[in-house]
1. Give me a comma-separated list of calculated 3J(HN,Hα) values for segment 60-65, in order, Karplus coefficients 6.51, -1.76, 1.60 applied at θ = phi - 60°, integers in Hz, x for any Gly or Pro.
2. Please list the non-local residues whose amide H lies under 5 Å from the amide H of residue 114, H modeled 1.01 Å from N, same-chain partners needing a gap of 5 or more.
3. For a protection proxy built on the mean count of beta-carbon atoms within 10 angstrom, sort 39-47, 119-127 highest first, please.
4. Take the alpha carbon atoms of segment 68-126, find their radius of gyration, then divide it by 2.2 N^0.38 Å using N residues; give the quotient.
5. What distance in nm lies between label points placed 7 Å from Cα along the C-beta direction at residue 91 and residue 76?
6. Sticking with the crude label model, points 7 Å out along Cα→Cβ, report the distance from residue 111 to residue 131 in nm, one decimal please.
7. Quick one: give the max-minus-min coordinate of the C-alpha atoms of the chain along each principal axis, largest first, in Å.
8. Run the numbers for residue 67 and residue 102: contour at 0.36 nm per residue of separation, minus the present Cα-Cα distance, in nm.
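The numbers here are math on the coordinates, done by the rules we state, and not lab data. Bear in mind that the values here come from a model prediction, so they are computed numbers and not experimental data. Every residue, glycine among them, receives a Cβ derived from its backbone with ideal geometry; neighbour counts consider all protein chains shown.
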Amino acid sequence: MIDKLHVLEVIDTTLSGTDKFLVDLKISTDNRINVAIDGDNGITIDDCIELSRAIENSLDRDAEDFELNVASAGLDQPLKLRRQYKKNIGQDLTVTTFDGQTIEGHLADADDDHITLKLPRKKNPGGEPLVIAYPDIKTAKIVIKFD
């Protein structure tokens, strides 16, 4: 089986010094490697190709066959890292909390401890922003709008 720590090391080395960062790494028992990356200023196909080549060149196909997929963390995927929340300040989010609430609002702020959502006036007549601590967030997704 492919060594996950080795792949992580290659990813860290390749992305070091850039605004790119690892969001998710999965390696299945049949050596399917799935890497999701993001960047403070987005991800290009060239970013994915560069990382894919670095990982592929560090592994020996003769010793162990593998399938490799490097992609950007999709807009339809839940936010996983605090860095992703910070990057997406200004976007609308749908947040589901562990107590079962589903809240849609405008991401006004994100720091190391919590996010701040501005809620629509009709749902929040007082206009007070809602502060949610990261441990209370079950999932959060960007609301994709087609204007």
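1. Ordered by residue, 3J(HN,Hα) equals 10, 5, 5, 7, 7, 6 Hz.
2. Those lying under 5 Å, H to H, from residue 114 are 134.
3. Packing proxy ranking, top to bottom: 39-47, 119-127.
4. 1.27
5. With each label placed 7 Å out from Cα toward Cβ, I get 1.5 nm.
6. Modelled inter-label distance: 0.7 nm.
7. The principal-axis extents, from largest down, are 64, 30, 29 Å.
8. Gain on extension, residue 67 to residue 102, equals 8.9 nm.
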